[in-house]
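All remarks here apply to the structure that follows.
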Amino acid sequence: MDGNTLSPLLQVNGLTVRIDTPRGPVFPVHSFSLSLEKGDLLGIVGESGSGKTMAGLSLLGLLPESANILGGSIRFDGQEMVGAAEGTWNKIRGSRISLVFQEPQSALNPILRIGTMFEEIYDSHRPGEDRELRARTIQNLLLSVGLDRPDFIVRSYPHQLSGGMRQRVLIAMALSLSPEILIADEPTTALDPTMSTQILDLLLERNRRDKMALILISHDLGIIRRSARKILVLYAGRVVEYASGNRFFSAGPAHPYSTALLLSRPGVTRKNKNDGPLEAIPGQVPPLWELPEGCAFAPRCPRADARCHVEFPPWVSTGPEEGALCFYPSTQENVA
Ligand SMILES: Nc1ncnc2c1ncn2[C@@H]1O[C@H](COP(=O)(O)OP(=O)(O)OP(=O)(O)O)[C@@H](O)[C@H]1O
Ligand SMILES: [Mg+2]
């Protein structure tokens, strides 16, 4: 199952997704790259609309019909998945790479009982399995996500459950075939703080104990700080920073957008002496069909000069396997 031991479990290079809209083509994911080993924990952060969900969906070949992959590569366990047949995707999707959808409501079939949906997952990947054993597995999964009346849950339809319960059911489903990679898109947003901690603990335990690689998509840097070993920051569809969690949170990020994201959290002090006292990030992520010339973040950036408004910034290496899409990334020297 390990495939080629020289290549990472998941290697994405220069992935670009195009959507044709009435306003013209847009690129919600542009030149997206990442590398994930068994047991890795990558956090993807960025404001609403930055492309987190689109990036996650593209890694599972689940883009909306209006979207298509314009270029780039997704290699899973050595196998190229861009352009792969649906049958090839079906073999790995849900079983080897799994996704917790951001919208629990739309991800569950409203006319099926929860138990039936679990049966469908197991029937398609493990047909002929002992039914009693399967029922016990489902019960234990539901218990592990904090649903303490599993008999009631399997008999229920989605509308009979609260939003938080549906979210936990989705997480249990995503974990049901013990995937090697789990992409969790805002997995705790619909949950109260106690349940959010419990779910995050569960995902982290799977990551540590079973070496399940985890891609945690979240707008909440608190969650990412607690867990991620690598951080990928998205802005207007582009990766603007890739960093180790350690550097990002202790030495400080390299990209001014990442710095602004950190500063927009309560109780966080600025790290870069060149940055102004930003309480929140002024302005908004520009719509994809109206991206400014040069750096897309320049109109909001405290470090931007004339060049940033006209020239596209370079990818600057800031350390081993680290970098930022910026003319003026922070370095260890200018971080005070
Ligand atoms: N079907 C679609 N057609 C056109 N544009 C779309 C479509 N779906 C998403 N987009 C655009 O793609 C961009 C990225 O959206 P995406 O949902 O990935 O953002 P996100 O970072 O997950 O945001 P959030 O934090 O709100 O979940 C947005 O600008 C969005 O408007
Ligand atoms: Mg999203």
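The values are calculated or read from the model by the stated rules, or taken from the named source; none is laboratory data. Please read these numbers as outputs of a predicted model, since none were measured by experiment. Cβ placement follows ideal geometry from the backbone for every residue including glycine, while neighbour counts extend to all protein chains displayed.
Cβ-Cβ distances below 6 Å connect the following pairs, each with a first residue in the stretch 239-250 that is over 13 Å from Arg226 (Cα atoms), a second residue that is assigned to a helix (DSSP H, G or I), and a separation of six or more residues or different chains: Val240/Tyr257; Glu241/Ser258.
Screening the candidates Ile97, Ile114 for the property of being β-branched (Val, Ile, Thr) and closer than 28 Å to Gly237 by Cα yields one hit, Ile97. On inspection, Asp40 passes the criterion of being of a type in the set (Asp, Glu), more than 16 Å from ligand 2 (Cβ to nearest atom), buried (at least 21 other Cβ atoms within 10 Å of the Cβ) and in contact (Cβ under 8 Å) with a residue 12 or more places away in the chain. So in the stretch 20-54, with the set limited to residues that are assigned to a loop (DSSP other than H, G, I, E, B) and in contact with a Pro (Cβ under 7 Å, 6 or more places away or on another chain), which one is nearest to Lys230 (Cα to Cα)? Step by step, filter the stretch 20-54, then rank; the result is Glu37. Return yes when Ile215 is outside any loop (DSSP other than H, G, I, E, B), crowded, with 24+ Cβ neighbours inside 10 Å and within 14 Å of the chain's Cα centre (by Cα) and no when it is not. Yes; evaluated as a whole, the condition is true for this residue.
Could you count how many residues in the stretch 44-55 are within 17 Å of Ile181 (Cβ to Cβ) and more than 8 Å from ligand 2 (Cβ to nearest atom)?
From the stretch 44-55, those within 17 Å of Ile181 (Cβ to Cβ) are 44, 52-53, 55; that's our starting set.
Then keep just the ones that are more than 8 Å from ligand 2 (Cβ to nearest atom); that gives 44, 55.
Here the count works out to 2.
Taking the residues in the stretch 55-67 that are of a type outside the set (Gly, Ala, Ser) and crowded, with 21+ Cβ neighbours inside 10 Å as candidates, determine which candidate is farthest from ligand 1 (Cβ to nearest atom).
Only one residue tops the list, namely Leu59.
Of the residues making up the stretch 153-207, those that are in a loop (DSSP other than H, G, I, E, B), modelled with pLDDT of 90 or more and aliphatic (A, V, I, L, M) are Leu161, Leu177. Which residues, counting only those in the stretch 78-92, are at pLDDT below 95 and either crowded, with 20+ Cβ neighbours inside 10 Å or within 16 Å of ligand 1 (Cβ to nearest atom) (or both)? Correct list: Ile92 only.
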